[in-house]
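Asks: Mind looking over this structure? Questions follow.
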Amino acid sequence: MLQPRWLPYLLIAPSVAFLAAFFLIPLGQTILLSFDGGQGFSLANYARMAGDLNFPTALRNTFALVAVVIPLQVALALVMGLMLQRMTRGRELVLWIWTIPLGVSDLAAGLVWLAILQDSGYLNTLLFQIGVISGPTAYLNSEAPVALFFAVVLAEIWRATAIVLIILVAGIQIIPKEFGEAADIFGASPWTKFRKITLPLLKPSLQSALILRTVLAFEVFAVVYALGGRNFPIIVGEAYTWQNENQNYGVAAAYAVLVMVISLTATIIYLKALRVDPETQG
Amino acid sequence: MKTLNHLACAAVAAGAILVAPVAKAQDLVFLSTQLRPIDEAQKVREVLLKGAPKTTYVVEEPPQFAVRMKAEQAAGKRTISLMGALHGELQPLVPAGSLDTVDDIAAKLASSGIPAGLMELGKLGTPNQQYIPWMQATYVLVVKKAALPFLPAGADVNALTYEQLTAWGKAIQEKTGQRRIGFPAGPKGLFARFVQGNLVPSYTGSMVTEFRSAAAEKGWADFKALWATVNPNANNYNFMQEPLMAGEVWIAWDHIARVKDALTAEPDQYLVVAPPAGAKGRAYMPVIAGLSIAKDAPNRAQAAAVIEHLLKPATQLAAAQEVGFFPVVDAPLPPDLPAGVKLLADGVAKTQGAKDAIVALLPIGLGDKGGEFNKVYFDTFQRIVLRNEPIRAVLDAQAEILRSLMIQTAAPCWAPDKPSQGACPVT
């Protein structure tokens, strides 16, 4: 039966309306609010944001986190994905275990790591019992910035590598086996096969995974909030503080717009850098 | 058949859920920014409101409280009748026109023994009563007895100075290898209140006007020395009862309601004393929660009855016992108080009764700029103590921000600053 031409539009209309009502309108309001200085258009909120003592630290911390976490996650997910591909038995079980963190909320993940890493936490208890340390050691305060940074990196990797893994596993599965078999006939090494076949054909999946993860990494909040509190300022954390504690919605909106601009820029960079040829898009 | 029964039960339950809000709408809605944690809210519902007219007690974070009041007003549909909030949270609702005056209730309570000064605060600078004082609290120093052997010679634990507290912290650090003094400087902690209400006025006798004075400079230098003996995790502490109970901290400053659990768990382990004194005296900040009735309240008469119930001496004593806020009415604490609450009551009495006490009130008249006012003090601490910037330069820079904030809000001075004509000056 031939379907009427307007049917697809009708079917997506509710989701479009939903997006407009709960995403586009608040987005527009936030942008307007960020430029509202009390008496009409003004850049006062942005000046206030850029002049705040936590702003440079928040910016630096956020970018440092993204720069360390994303490459590690992609590399890890690639290795895990390729391992899964070679497994013949128990593949589903391993995949299931690896993706458990996906079901854990950000804040809960932060609290789990807090329980491990705080002074009276599991790690200190273990190290004390095997005699490595003589008393509680603090890893999560401003006097140990490097340890705090790596605690956050660790928690983020634990929490959010699974999403990259899922996308890459899906990508690996659709690579035709014939390419690998052909390469075997010509005597290609596993490394050459990875470089010349897997990686290029995985580009569309890598692009999606990178965009998704990077945007989410710039918006990291709950894990840092649980582990570092005020010791590790980040952009979204500052937006929260300005909104909730300082009760200045204008500056909070300026931070929100900043996060959006950074995310959009990152997306455009990935789209350009990892340009996917139409024929590999499937 | 069993399945059918289940279905029927589910349908009845669903129906009950759908109908419940309609039935509830007849009740009095009491919105509070105080006693928010689940266990405290439950105590309000089960203990403090027992015997009062039927009331639905709901809680809200302070920023959302103001937003909700404004939103209801803008929508022209008031659901809340009674409000419980801090002095400084109710204040911005006066210019917004959200409060009904409660002179009639104040008149009825004239003989209840609410101190005249407290009642006057409830007028919020207007000729009429805007709220009825409900409960009071303050910030104290909790000392674990394990710390007492390290107390420096000549120091009286009930009348400490900042220098003595520093020497104490140092002695503990030298003997135990641990920094055991704690402040709630985490994201949800009340550390800004310490700087505003204790540290700065103890050295300057002022919260705002003398912000960048030489006396303030000395205070910050002393505090920087003290911070070297403070537990490095202090920036993550929100409520001090947790680090106290975990044994991480032996000497902690906090709001009495935020140390209560530690004291009730092990009352024989602790002392509660007044906060330390600086050059000008021992500043402390009284916290006053009030009860207000919303303008166009759907249930005004019932709200008035609930206020009268909450101010009965028995209810006030129950509040002290259950949630650690103390009576505003004349209600002598009974001798059989639980040991932890008695410790708190002693601490409050010692703080209020100290010979060199200076009362530093919560910020008043800042409207929705209260958060930014706190930020001035917290940023000053961050820059001087955590980032090691030169004290003079930081005070000068932060004083500029404070001055523009005062001019913007036109808030006149409040105690301990001397009354001002117009905005409170920053000299």
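Asks: Name the shape class, rounded, prolate or oblate, that the alpha-carbon gyration tensor gives for the range B:72-145, where a ≥ b ≥ c are the square roots of its eigenvalues, rounded holds for a/c under 1.5, and otherwise prolate holds if a/b is larger than b/c and oblate otherwise.
Replies: It is oblate, given that a/c is not under 1.5 and a/b is not larger than b/c.
Asks: For the range A:1-141, compute Rg over Rh where Rg is the Cα radius of gyration and Rh is the Kirkwood radius from the inverse mean 1/r over Cα pairs.
Replies: A ratio of 1.14.
Asks: Gaussian network model of chain B, Cα springs within a sub-10 Å range: biggest mean-square fluctuation belongs to which of B:LYS50, B:LYS375, B:LYS77?
Replies: In this elastic network of chain B, the residue with the biggest mean-square fluctuation among B:LYS50, B:LYS375, B:LYS77 is B:LYS77.
Asks: Still on this structure: Sum up the charges of everything whose Cβ sits under 15 Å from the Cβ of A:VAL215, counting Lys and Arg as +1 and Asp and Glu as -1, but leave A:VAL215 out.
Replies: Summing Lys and Arg as +1 and Asp and Glu as -1 gives -2.
Asks: With all pairs of different alpha carbon atoms counted, what Kirkwood hydrodynamic radius in Å does the range B:116-253 show?
Replies: One over the average 1/r among Cα pairs gives 16.7 Å for the range B:116-253.
Asks: If you don't mind, there's one more thing I want to ask. If R0 is 30 Å, what FRET efficiency do you get for B:VAL47 and A:VAL146 from their C-beta distance, rounded to 0.05?
Replies: 0.05
Asks: Also: Based only on other Cβ atoms within 10 Å, what is the fewest-to-most ordering of B:THR351, A:THR125?
Replies: A:THR125, B:THR351
Asks: Using a cut-off of under 13 Å, list every residue of the range B:144-165 whose amide N is near the label point 7 Å from the Cα of B:ALA339 along the Cα-to-beta-carbon line.
Replies: Zone members listed by number: B:145.
Asks: Further, regarding this structure: With a Förster radius of 60 Å, plug the Cβ-Cβ distance of B:ASP346 and A:LEU72 into 1/(1 + (r/R0)^6) and report the FRET value to the nearest 0.05.
Replies: Given R0 = 60 Å and the Cβ-Cβ separation, E is 0.65.
Asks: Can you compute the modelled spin-label distance between A:GLU178 and B:ASP103, with each label point 7 Å from Cα toward Cβ, in nm?
Replies: Spacing of the two 7 Å Cα→Cβ label points: 9.3 nm.
Asks: Do you know the relative contact order of chain A, to the nearest whole percent, from alpha carbon pairs under 8 angstrom that are 6+ apart?
Replies: Worked out over chain A, it gives 27 percent.
Asks: If you don't mind, there's one more thing I want to ask. Across peptide B:232-242, how many C-beta atoms of other chains are within 10 Å of each residue C-beta, on average?
Replies: Rounded to a whole number, the mean comes out at 4.
Asks: Less than 15 Å Cβ to Cβ from A:TRP191, Lys/Arg counted +1 and Asp/Glu -1: what total charge do the surrounding residues give?
Replies: Combined, the nearby Lys, Arg, Asp and Glu give +3.
Asks: Could you check the spin-label model distance between B:ALA314 and A:ALA115? Points 7 Å from the Cα along Cα→Cβ, value in nm.
Replies: Output for this residue pair reads 4.3 nm.
Asks: So how many Å³ per residue does the convex hull of the Cα atoms of the range B:174-316 work out to?
Replies: 174
Asks: Still on this structure, I have one more. Is the C-alpha gyration tensor of the range B:273-427 telling us rounded, prolate or oblate? Criteria: a/c under 1.5 is rounded; beyond that, a/b larger than b/c is prolate, otherwise oblate.
Replies: Oblate shape, in that a/c is at least 1.5 and b/c is the bigger or equal ratio.
Asks: Tally the DSSP beta bridges in the protein assembly as shown and give the antiparallel ones as a percent, rounded to 5.
Replies: In the protein assembly as shown, DSSP labels about 60 percent of beta bridges as antiparallel.
Asks: Can I get the semi-axes of the range A:232-276's equivalent ellipsoid? Compute them from the C-alpha gyration tensor as square roots of 5 times the eigenvalues, in angstrom, largest first.
Replies: Whole-Å semi-axes of the equivalent ellipsoid: 29, 10, 5.
Asks: Residues with beta-carbon under 10 Å from that of B:ARG212, excluding B:ARG212: net charge, scoring Lys, Arg +1 and Asp, Glu -1?
Replies: Surrounding charge for B:ARG212 is -2.
Asks: Suppose we flag chymotrypsin sites (Phe, Trp or Tyr not before Pro) only when DSSP calls them loop and at most 12 other Cβ atoms lie within 10 Å. Which is the longest uninterrupted stretch of chain A?
Replies: Longest site-free region, per DSSP loop and neighbour criteria: A:7-185.
Asks: Hull surface divided by four, with the convex hull built on the Cα atoms of the range B:316-403: how many nm²?
Replies: Average of the hull's projected areas for the range B:316-403 equals 9.0 nm².
Asks: With +1 on each Lys and Arg Cβ and -1 on each Asp and Glu Cβ, how big is the dipole of the protein assembly as shown about its Cα centre, in debye rounded to the nearest 20?
Replies: The calculated dipole for the protein assembly as shown is roughly 980 debye.
Asks: Okay, next question. Filter chain A for me: DSSP H helices, axial length by Cα at least 15 angstrom, mean Kyte-Doolittle hydropathy not below 0.0. List them by residue number.
Replies: Span-like helices here: A:7-19, A:55-86, A:106-117, A:145-173, A:203-218, A:249-273.
Asks: Okay, next question. Consider just the alpha-carbon atoms of the protein assembly as shown and return their Rg together with their Dmax, both in angstrom.
Replies: Taking only Cα atoms of the protein assembly as shown, I get Rg and Dmax of 29.6, 101 Å.
Asks: Tell me the Kirkwood radius of the range B:45-195: reciprocal of the mean inverse pair distance over distinct alpha-carbon atoms, in Å.
Replies: Mean inverse Cα-Cα distance, inverted, gives 19.8 Å.
Asks: Next question, about the same structure. Per residue, how much space in cubic angstrom lies within the convex hull of the C-alpha atoms of the range B:259-325?
Replies: 142
Asks: Fewest Cβ neighbours within 10 Å first, please rank A:LEU59, B:LEU48, A:LEU32 accordingly.
Replies: By the 10 Å Cβ count, ascending: A:LEU32, A:LEU59, B:LEU48.
Asks: While we're on this one: What helices does chain B hold that run 24 Å or longer along their axis, going by alpha-carbon atoms, with a Kyte-Doolittle average of 1.6 or more, using DSSP H for the helix calls?
Replies: What comes out of the filter, once short or polar helices are dropped, is none.
Asks: May I have the extent of the alpha carbons of the range A:131-174 along their three principal axes, as whole Å values ordered from largest to smallest?
Replies: For the range A:131-174, the Cα spread along each principal axis is 53, 26, 11 Å.
Asks: Of all DSSP beta bridges located in chain B, what percent are antiparallel, nearest 5?
Replies: Among the beta bridges of chain B, antiparallel pairing accounts for roughly 60 percent.
Asks: Under the √(5λ) rule applied to the eigenvalues of the Cα gyration tensor, what semi-axes describe the equivalent ellipsoid of the range A:133-282? Give them in Å, descending.
Replies: 40, 23, 10
Asks: Would you calculate the volume per residue, in Å³, of the smallest convex hull containing every Cα atom of chain B?
Replies: 175
Asks: Along the three principal axes, how long is the range A:143-232 when you take its alpha carbons, biggest first, rounded to the nearest angstrom?
Replies: 58, 22, 14
Asks: Determine, for B:MET207, A:MET80, the number of other Cβ atoms within 10 Å of each Cβ, and report the residues in order from fewest to most.
Replies: Sorted ascending by nearby Cβ count, the order is A:MET80, B:MET207.
Any read-out appearing in this document is the output of simple, stated calculations on the displayed coordinates, not a laboratory observation. Every value quoted in this text rests on a predicted model; they were computed, and no experiment measured them. As a convention, Cβ positions derive from the backbone with ideal geometry for all residues, glycine included, and neighbour counts pool all protein chains shown.
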